[in-house]
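Just dropping this structure here.
The values are calculated or read from the model by the stated rules, or taken from the named source; none is laboratory data. Everything numeric in this text was worked out from a predicted model, so none of it was measured. Heads up, the Cβs are rebuilt from the backbone with ideal geometry, glycines too, and the neighbour counts pull from every protein chain shown.
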Amino acid sequence: MESLNLIVVVIDSLRQDHVSHYSEGRRVFRNVPACKTPNLDRFAGESVVFSDAYPSGLPTIPVRTELMTGQFTLPYKPWSPMYPTEITIAETLGREGYVSGLVTDTYHLFKPGMNFHKGFDSFNWIRGQEYDAYNSAPPTKKRTDDYVDERFDDRWRRLVERFNANTEDFEAEEDWFPAKVFSTAAEWLRKNSIHKKVFLWVDSFDPHEPWDPPAAYDRYTSKDYMGLRIILPMGGEAKDWATEEETDFIRGLYAGEVSFVDYCFGEFYAAVRESGLLDSSVVAVLADHGHPLADHGKFLKGGDRLYNELLKVPFMVRLPGGKPARDTRALVQFPDLAPTLLEIMGMKNDTYSMHGGSFLSVLDGADTHREFAISGYYEAPDRCVRDGKWSYIHRPEGQPDELYDLESDPRERHNLVDEKPDEARRLASAFGSYFRRESQLHIKGLQGKYELS
């Protein structure tokens, strides 16, 4: 069997509904134009596209651990380094003669002691993202007061100031982080295509906040907006600090960031094709999670925001030749990716110790894999259990649980937990109580409590 190459592209904080292949060009927010992603759409047209692929342990670091090891992090592991005893896909492929590279601006991966470059032959760190300890001097070209006002406390002001210090010298589009990440990845491929077997992991932190796209991609905000350029929304309830116009502006900045990431991905994908490696490569493109944009009142991620805007992500696998391309409703979780990729590449024997299960049968045409998916933050008591149609959110004591019909109510506006208690109980019983910090199911108006077991 001819050896295959492997390319994995992880895009941080990319909502599924902002990829136009999934949204079919529909607006997500009434006052913000529909986000356009022609390059990801083109890739989707050559791939098996999953609409129900979910992280288990959130956010950034637990997700990367699941993807790289094939092991669940929920409920076992919080945000923490890659342990020396954990076996990564890079190490497994390295033992089989693969030359591997990691290219990323996700600075959490390369903070001291994090060890997420474990097993890679080369690793390229693109410095300066978000609050990376890159430039300790205050900004001199960007005025922090143009981005925050008296509503922002000192903590949020300092975060904006750090990002501005890291980015104030950006002028041309190639200075922005996605351009650097994808151009560096393309150059790595050009230089390493000489090897017989290559593995490249590309990890783009954008469209993670703060959102400050190049001017040419800031096309989703209103030209009539005259307020502050709020590139970093505060947490908590948006109504407590943001006007409707500011909320729409922030959402538009996010869409512009997505659009620019899509452009940079397109340039990279063209380079993959030009390298001659595409027809001998498996290419996976996915996001680690989405991002709440005050859909349910709050900006930013959090353990209590287990809705589509956080959990629904683009997830696509392109097989050599781009066939068979199709959309599937098969339910998969992130720990399933590593064993699938290894099985495709003839290394099934290296997957037996993994929590995840290969979904190669789905890539071959099947439409089922998992019956349920569970997601949550290790540190938070909230848990979300889904089966493709229903989403059940287990809340801590004193808060009502939630149940949504994802097919008829994808925006999750109508809590049916009291109307459909049997569905809530069915989903609650899908996973043992070990996954939860509390062992009660709360349904208003019902007599008694239901054990989650």
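Restricting to segment 228-275, name every residue that is touching a residue at least 40 places away in the same chain (Cβ under 8 Å) and hydroxyl-bearing (S, T, Y).
Matches in segment 228-275: T247, Y254, S259, Y263, Y269, S275.
Being of a type in the set (G, A, S), at pLDDT 95 or above and either in the same structural domain as F334 (by TED's automatic domain parsing) or in contact with a helix residue (DSSP H, G or I) (Cβ under 8 Å, 6 or more places away or on another chain) (or both): is that true of G70 here?
Against the criterion (of a type in the set (G, A, S), at pLDDT 95 or above and either in the same structural domain as F334 (by TED's automatic domain parsing) or in contact with a helix residue (DSSP H, G or I) (Cβ under 8 Å, 6 or more places away or on another chain) (or both)), G70 qualifies.
In segment 279-303, what residues are farther than 21 Å from E66 by Cα and either in contact (Cβ under 8 Å) with a residue 24 or more places away in the chain or hydroxyl-bearing (S, T, Y) (or both)?
D279, S280, S281, L293, A294, D295, H296, G297, K298, F299, L300
Now a separate question. Give the residue, chosen from S80, S47, that is in contact with a Lys or Arg (Cβ under 9 Å, 6 or more places away or on another chain) and either at pLDDT 95 or above or β-branched (V, I, T) (or both).
S47
Within segment 98-122, how many residues turn out to be out of contact with any Ser or Thr (no Cβ under 8 Å at 6 or more places or on another chain), of a type outside the set (D, E, K, R) and either without any contact (Cβ under 8 Å) to a residue 60 or more places away in the chain or assigned to a loop (DSSP other than H, G, I, E, B) (or both)?
Looking only at that region, the number is 7.
Of everything in segment 325-373, what is charged (D, E, K, R) and either farther than 15 Å from F50 by Cα or at pLDDT 95 or above (or both)? Give them in sequence order.
Listed by number, the residues that qualify are R326, D327, R329, D336, E343, K348, D350, D364, R370, E371.
Right, next: Quick check on Y147: is it surrounded by 17 or more Cβ atoms within 10 Å (Cβ to Cβ), touching a Lys or Arg at 6+ places or on another chain (Cβ under 6 Å), assigned by TED's automatic domain parsing to the domain that holds K348 and not β-branched (V, I, T)?
When the stated conditions are applied, Y147 does not pass them.
I'm checking my understanding of the structure. Among residues of segment 39-57 that are touching a Gly at 6+ places or on another chain (Cβ under 7 Å) and not in a loop (DSSP other than H, G, I, E, B), which one is surrounded by the most Cβ atoms within 10 Å (Cβ to Cβ)?
D52
Going through A179, A186, A216 one at a time, which residue ends up being of a type outside the set (S, T, N, Q), in contact with a Cys (Cβ under 8 Å, 6 or more places away or on another chain), assigned to a helix (DSSP H, G or I) and within 27 Å of C35 (Cβ to Cβ)?
The unique qualifying residue is A179.
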